[in-house]
Amino acid sequence: MATDQNVRDLQWALQVMKSGSVDLQSVSFLLSQPASGCFQETENSMNVNLTKDSISQFSQLLKVVGTAKNGAQSSLRNLEFHLVEWELQQVKDLRVLIENNPSIKQLMFRRNKFSAECLSELSDGLRKNKNIKEIMLSESGIGSEGAGVLASVLKDNHSLEELQIWEDSIGSRGAEELSKMIEVNSTLKLLTIFDSKSITATPLISAVLARNRLMEVHIWSVDGNEKSSKVVEFVPENSTLRVYHLDVSGACRVACSLGWNSTVRSLDMTGVRLKSRWAKEFRWVLEQNRTLKEVNLSKTCLKDKGVVYVAAGLFKNRSLERLYLDGNWFGGLGVEHLLCPLSKFSALQNQANTMLKSVTLGGGRTKIGRDGLAAILQMLTSNQSVTHLGIYDDESLKPDDIIKIFKSVGRNATLRSLSLQGCKGVKGELVLQTIMETLNVNPWIEDIDLARTPLQAAGKTEGIYQRLGQNERSEPEIDLLKDMQMTLPKSCRVFLCGQEYAGKTTLCNSISQNLSPSKLPYLDQVRILVNPVEQAVRTPSIKIKTFKDEDTKISIWNLAGQHEFYSLHDLMFPGHGSASFFLIISSLFRKPTNREPKTPSEIEEDLQYWLRFIVSNSKRAVQQCMLPSVTMVLTHFDKINQQSDSLQTTVSLVQRLREKFQGFIEFYPTVFTVDARSSASLGKLSHHIRKTSKTILERVPRIYQLCNDLVEILSDWRQENRNKPAMKWKEFGELCQVRVPALRIRSRHDNKEKIEMRRRAVATNLHHIGEVIYFDELGFLILDYEWFCGEVLSQLIRLDVRKPSTTEKSGFICRKYFEKILIGSLQSRIPGTGSNVIENLEPSDLIKMMLKLELCCEQDPSDPNSPLLIPSNLEEGRWKPQRWPVNSPDNNYVGRRLQCDDSSHMFLTPELGGQLGYSIDVLACSMKSPTEILRLFQHLLIPAIQSLCHGITLTEYVLRSECVKNLIPPRYRRNQSAPLQQLKQALLSVPADSIYDYQHTWDSVADSGSLIPD
C-alpha cells in the first residue's frame, strides 16, 4: 500500500501523462474508491484511484493518454481497469488510446460492467488491432453476448495470443461462439476459462482438438460443493489431454474431435463416468487416429457393452501402446472381447493388433469369470506383442485360476511384467510352487508384482523376488502401506534458482506482497519480525516462505546463489512423488547497482547452468515420476530497452535452450520478464505459481492420507514442545504410539519390526514430499527446513577448523576435538536470539549429517572414532603453488580424467565435497611402475568414483604426465588430456614394430608464465 507522502492529486497524473516525464509501462485505474488520488508504485507503474464523483476526470485521463504527442507514453504496455462502469464515450476514448499507443500489449478488466453498446464499440477497436497480445476479463459479467462479441473480434484479429475469462458465466451459447472462432483463428496460444458450469468446456476443447490447434487450454468450473475444480486441460508441450469431469454427451463430442487429431499423444479420463454411447464414438477414434499412444480409462464405470466397442476399435488401431481399463464394471464378456484382437486362435491366423504393449484390467466390480479366464489364458499362450499385463484387485479368480495363468505365462516369450496387485486368489503353497516352476522355465519374465496379495501378506514372496534377481526393497518402502487410504498431496514446493544478484530475494518478497492476504494468508509473517541485531549477524542461506491457498500449501524456496551452498541443493532436490517445480531467475543486468546489461551469452550461461543442475539431479533422483517442470524469469526488465537487438537475441537463445533440453525438462512456454519490485508486474507470475501448483498436485502420484494427517500431528507436537525444529527417532516412535493408530504396537505379540519398518516408510515419504528431512542412518527428523538450512548447515559449511594444533599431519582432525569445535561454534552468538543448535542436535548427530551430505569424510568408516577430513579445511592452500611431498628421480607420474559424457546437458554434482564441474582429475605420484598405478586406478579409484555418479556416464581421458609431475593448476591443464579410446585407436593404426616409437603431440600450456615443452 502506498504511504501518505506517495499519494498525489490527479492533476499531477494528468501532467505526467501529458509530458511523458515518467517512463510508464503499467497504469491501473481503480474506480469507486473512497478518495481520489494517485501514486507511483514503481518508477514504471502508476495506480490511479477515483471516486464515483470523478467519472469526468477518468474520461479526461483516458483522453490525455490517447492524445499524448511525440510518443510521450510510447513505453506503456499494460492497462488495468477495476470496478469501471463503462459509458460509450469512455469506451471511445479507450479505443483512441489503444490506437494511438501501439506499445500496449495487455488489457485487464476486473469487475467491470459493459453495456451491449460499449462492448460493440470496444470490439470494433480490437478487431483490426495488431498490437494487443493479451486480454483478461474477470468478474465482468460479459455473459454469452459478450463472449459472442469477443469471438467475432478474434475471427478477424490474428495477433492476440492469450484470452482469459475468469469467474464469469458465458454459458453454452457463448462457448459455441468461441468454438467457432477457434476454427478460424490459428494464432491464439492460451485460452483460460473459469465458468460456473462445466458445460462450457465441451465445445471449446472439441474445436481445439478437431482443428489440431497448438493452443494451451485450461477450463475450470464450480462443483457441487461450491469449490473450484478443473474440467479439462490440454498442454501441447507434452501432448496430454486430461479430462477431469464431463457429462456423457460432452465426452462423446470430445471423442468425435479426436478422430483425425494429431496433437494428442496421451488421453487421460480417469474417474470420468462413461457410457457405452461414448465407447461407440471412441471405437471410431481408435480406428482413425494415428498418433494416440496412451489411453487411461481407469475407474470410468465402463460395462461389457462399452468395452466391446473399445475392443472393436483395437482391431484396426495401429498406434496405441498403453491401455488402462482397471477399476471398471465389466465382466467375462468384456474381457473376452478386449483380449480377442491380442490373441491368435490358430496357427494360420495373424494377431489383429501388434502395437499394444501394455494393458490393465480388473477391480472390485470386474467379474472375470470362466469366459474371461479362458480369454486371458488364450492371450498369454498366443500373444507376441504385449509386454505388460496387469490384473488389479480381482476377487473372482480362485487359486486354481491363478495357477492356470502362471502355467500359460511359462509358455510366453514376450511378456516381461505381470502384475496381480490385490488379487485375492494369489494364495497357498500350490500357487507359490507354480510361480517358482514358471520362473524356472521362463527366463524372459522380469517382474512379477504380488503386492497386497495374501501370498505377500503371508511373507512368502521373498523366494520369488530372489529368483527374479530382485529385492522387495527396490520399490519405495512406503509401498508397505498399500492397504491404507490414498489421497492427493496438499503441499507444493517452488524452487527459485539463480546466481547472486539475480533478484531472487526481491522477487520472493514481491510475490509475497502480491498474493493478497485475504485470499492467500501469509503464514510466515512472524519471521520478518526479527531483531535487527540478529539480522546483522546472520549469514546468507536458503530462505523459505510458506502460503496457504484454500487447502493447498505453497512454499517458495529461495535457493542460495553463493557457491558455498551448492552442495546443499541436492538435499532439497525433489524426489519420488514430490510436487514441485522450478523458477530459474536471471537478471538482465550484471549488478543491480549499475546499468551495465548482461550480454546474451552471459544470460545463456546463467540459464544453462541451472538447467544442467536440474537435469543432473533428475538423473540422480530415485524413481523420478515425471520430467522436472521449469519456468524462466528475467528480472530488471524495467531497465532495458525493449526494442534492443540484445533482447531479441536473448529471446532466440531461450528458444535454443528449450530445443537443447527437450526430453530432459518440461518447459512452461512463457518466459516471464518482470520488474521484481513491482507487484503489478508480477501479477501474471503470481497467478502462474498458483495455477501450476494446483496442476502439479493433480499430476504427481497420490500419497497416503496418513502422511497428510502426520503433518498436522507433527505441527501440534512442535507447538507443545516450544517449537522444537528437530525430533529424535525415539520421540517420533512415542508420538506414533500415542496419536497414530495405524502405526501403533497393539500387543506384545505384534511384529515390532514390521511396525518399525512402517514408521520408517512413512518418515521417508514425508521426506520425499518435502515436509521433513529424514535419513535412515541418522536417527532424527528435521521438522523446520529453514532453521536447518539457515542456522545449522550455513554454519557447518563455513566452519573454520584450520588451526595447526587441531589437525594431524595427514590433514585429518580428531573426532572428539571436532565435536568441541561444533559446540563452541554453534552456540547462539547473541543471547536471546536465534535457536541454539546444540540444544536440538547432539554434536554426534551433526557429524552424521555432515557425513551424509559429504561435507566431511572418515579416514576409516569401520572405526567409530575415526579421524575426519573436512574438505573446506583444504581451501587454505588453494591458490598456493602445489608440490608433491617427495621429489625423486625414481618417481612415476600418472593422471586420468573422468569427464561427464553428456556435459552439454548435465554436470557432476559435488559428491566428493568439491565444486560443480564436468570432470574429475585423478593424479598419482609413486615409485611403483605405471602398470601398478593404473591397476590401482582401474580396480579401486575409478569404480569408486563411478559409483558416486548415479545416472551419469564418465569417459576416461589420459592426462599429460608433465602436468601431473608439475601439478599444473586445473585452469591451465584443461586442454592437456586425450581420450583413452582415441589413443588406443591411434596405437592400433601403427605397425607393430613401431608401436613403442609412437609420440603424442600436446598443446603448449603456460604455468605462471613458464611454458612446458611439448
If you go through segment 973-995, how many residues are open to solvent by 80 Å² or more (accessible area, probe 1.4 Å) and either of a type in the set (D, E, K, R) or closer than 17 Å to R960 by Cα (or both)?
-> 5
Spot the failing condition for S206; the list is (1) touching a strand residue (DSSP E or B) at 6+ places or on another chain (Cβ under 8 Å); (2) hydroxyl-bearing (S, T, Y); (3) farther than 16 Å from I135 by Cβ, and only one is missed.
-> (1)
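For residues in segment 388-425 being among the small types (G, A, S), over 17 Å from E437 (Cα atoms) and touching a helix residue (DSSP H, G or I) at 6+ places or on another chain (Cβ under 7 Å), which is surrounded by the fewest Cβ atoms within 10 Å (Cβ to Cβ)? First the steps, then the outcome.
Filtering segment 388-425 down to residues among the small types (G, A, S) leaves 390, 396, 408, 410, 413, 417, 419, 422, 425.
Still in the running and over 17 Å from E437 (Cα atoms): 390, 396, 419, 422, 425.
Then keep just the ones that are touching a helix residue (DSSP H, G or I) at 6+ places or on another chain (Cβ under 7 Å); that gives 396, 425.
Values: S396: 19, G425: 22.
It comes out as S396.
Within segment 364-387, track down each residue that is more than 13 Å from L339 (Cα to Cα) and out of contact with any helix residue (DSSP H, G or I) (no Cβ under 9 Å at 6 or more places or on another chain).
Taking segment 364-387 first, the residues more than 13 Å from L339 (Cα to Cα) are 364-367, 369-370, 387.
G364, R365, T387 - these are the residues of segment 364-387 that are more than 13 Å from L339 (Cα to Cα) and out of contact with any helix residue (DSSP H, G or I) (no Cβ under 9 Å at 6 or more places or on another chain).
So is S805 surrounded by fewer than 13 Cβ atoms within 10 Å (Cβ to Cβ) and at pLDDT below 75 or not?
On the way: surrounded by fewer than 13 Cβ atoms within 10 Å (Cβ to Cβ): yes; at pLDDT below 75: yes.
For S805, the condition - surrounded by fewer than 13 Cβ atoms within 10 Å (Cβ to Cβ) and at pLDDT below 75 - is met.
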Give the number of residues within segment 105-119 that are within 12 Å of D168 (Cβ to Cβ) and touching a Gly at 6+ places or on another chain (Cβ under 6 Å).
-> 0
With the checklist (1) more than 25 Å from L559 (Cβ to Cβ); (2) at pLDDT below 80; (3) β-branched (V, I, T) in hand, flag the one item I813 doesn't pass.
-> (2)
Among all residue pairs at least 6 apart or on different chains, which show Cβ distances below 8 Å where the first residue, located in segment 751-764, is without any contact (Cβ under 8 Å) to a residue 12 or more places away in the chain and the second is open to solvent by less than 30 Å² (accessible area, probe 1.4 Å) and of a type in the set (V, I, T)?
-> none
Do we have any residue at all in segment 189-198 that's modelled with pLDDT of 90 or more, out of contact with any strand residue (DSSP E or B) (no Cβ under 6 Å at 6 or more places or on another chain) and either open to solvent by 10 Å² or more (accessible area, probe 1.4 Å) or not acidic (D, E) (or both)?
-> yes
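Within segment 359-471, considering only strands (runs of 3 or more DSSP E) that don't extend past its boundaries, which have at least 1 residues that are modelled with pLDDT under 90? So that I can check it myself, show each step before the final result.
On the way: elements: 388-392, 417-419, 447-449.
Answer list for segment 359-471: 447-449.
Evaluate the following for Y566: is it at pLDDT 80 or above and either open to solvent by 30 Å² or more (accessible area, probe 1.4 Å) or part of a helix (DSSP H, G or I) (or both)?
Values: at pLDDT 80 or above: no; either open to solvent by 30 Å² or more (accessible area, probe 1.4 Å) or part of a helix (DSSP H, G or I) (or both): yes.
When the stated conditions are applied, Y566 does not pass them.
Here are R253, R283: which of them is over 32 Å from the mean Cα position of the chain (by Cα), in a helix (DSSP H, G or I) and within 15 Å of L204 (Cα to Cα)? Full working, then the answer.
On the way: R283 fails: within 15 Å of L204 (Cα to Cα).
Selected residue: R253, the only one of R253, R283 that is over 32 Å from the mean Cα position of the chain (by Cα), in a helix (DSSP H, G or I) and within 15 Å of L204 (Cα to Cα).
Looking at segment 120-155, which of the residues that are polar (S, T, N, Q) and over 23 Å from R173 (Cβ atoms) is surrounded by the most Cβ atoms within 10 Å (Cβ to Cβ)? Full working, then the answer.
Step one: filter segment 120-155 for residues polar (S, T, N, Q), giving 120, 123, 129, 131, 138, 140, 144, 152.
Those left that are additionally over 23 Å from R173 (Cβ atoms): 129, 131.
Details: N129: 19, N131: 14.
It comes out as N129.
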Of residues in segment 9-35 being within 45 Å of the chain's Cα centre (by Cα) and hydroxyl-bearing (S, T, Y), the one nearest to L94 (Cα to Cα) = S28
Based on what the data block shows, is C340 without any contact (Cβ under 8 Å) to a residue 40 or more places away in the chain and in a loop (DSSP other than H, G, I, E, B)?
-> no
Of the residues that make up segment 677-685, is at least one open to solvent by 10 Å² or more (accessible area, probe 1.4 Å), at pLDDT 85 or above and assigned to a loop (DSSP other than H, G, I, E, B)?
-> no
Given the conditions (1) over 30 Å from S103 (Cβ atoms); (2) of a type outside the set (A, V, I, L, M, F, W, C); (3) assigned to a loop (DSSP other than H, G, I, E, B); (4) at pLDDT 80 or above, report the number of the one that Y609 does not fulfil.
-> (3)
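Does segment 924-931 contain at least one residue that is part of a helix (DSSP H, G or I), loosely packed, with under 14 Cβ neighbours inside 10 Å and either small (G, A, S) or without any contact (Cβ under 8 Å) to a residue 12 or more places away in the chain (or both)?
Filtering segment 924-931 down to residues part of a helix (DSSP H, G or I) leaves 930-931.
Still in the running and loosely packed, with under 14 Cβ neighbours inside 10 Å: 930-931.
Filter again for either small (G, A, S) or without any contact (Cβ under 8 Å) to a residue 12 or more places away in the chain (or both), leaving 931.
Scanning segment 924-931, I find at least one residue that is part of a helix (DSSP H, G or I), loosely packed, with under 14 Cβ neighbours inside 10 Å and either small (G, A, S) or without any contact (Cβ under 8 Å) to a residue 12 or more places away in the chain (or both), so the answer is yes.
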Boolean, R283 is open to solvent by 30 Å² or more (accessible area, probe 1.4 Å), touching a Phe, Trp or Tyr at 6+ places or on another chain (Cβ under 7 Å) and closer than 16 Å to L323 by Cα = yes
Within segment 298-320, is even one residue open to solvent by 10 Å² or more (accessible area, probe 1.4 Å) and of a type in the set (A, V, I, L, M)?
-> yes
When the residues of segment 585-597 are filtered to those that are in contact with an Asp or Glu (Cβ under 8 Å, 6 or more places away or on another chain) and either assigned to a loop (DSSP other than H, G, I, E, B) or not polar (S, T, N, Q) (or both), which remaining residue is modelled with the lowest pLDDT?
-> R590
Some residue of segment 261-273 being surrounded by fewer than 20 Cβ atoms within 10 Å (Cβ to Cβ), at pLDDT 90 or above, more than 23 Å from S693 (Cα to Cα) and out of contact with any strand residue (DSSP E or B) (no Cβ under 9 Å at 6 or more places or on another chain) | yes
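Here is a check on your reading of the model: is Y668 among the hydroxyl-bearing types (S, T, Y), open to solvent by less than 20 Å² (accessible area, probe 1.4 Å) and either touching a residue at least 12 places away in the same chain (Cβ under 8 Å) or at positive phi (or both)? Please lay out each step first, then the result.
On the way: among the hydroxyl-bearing types (S, T, Y): yes; open to solvent by less than 20 Å² (accessible area, probe 1.4 Å): no; either touching a residue at least 12 places away in the same chain (Cβ under 8 Å) or at positive phi (or both): yes.
In short, no.
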Which pairs do you get when a residue that is under 30 Å from L853 (Cα atoms) and among the aromatic types (F, W, Y), found in segment 872-900, comes within reach of a residue that is at pLDDT 85 or above and open to solvent by less than 30 Å² (accessible area, probe 1.4 Å), reach meaning Cβ atoms under 8 angstrom, with the pair 6+ apart or on two chains?
-> W884/N891
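The values are calculated or read from the model by the stated rules, or taken from the named source; none is laboratory data. Bear in mind the structure is a predicted one, so any value in this text is a computation, not a measurement. We place every Cβ from the backbone using ideal geometry, glycine too, and count neighbours over all the protein chains shown. The area values use the complete protein model at the heavy-atom level, side chains included, leaving out ligands, DNA and RNA. Shrake-Rupley method; radii C 1.70, N 1.55, O 1.52, S 1.80 Å.
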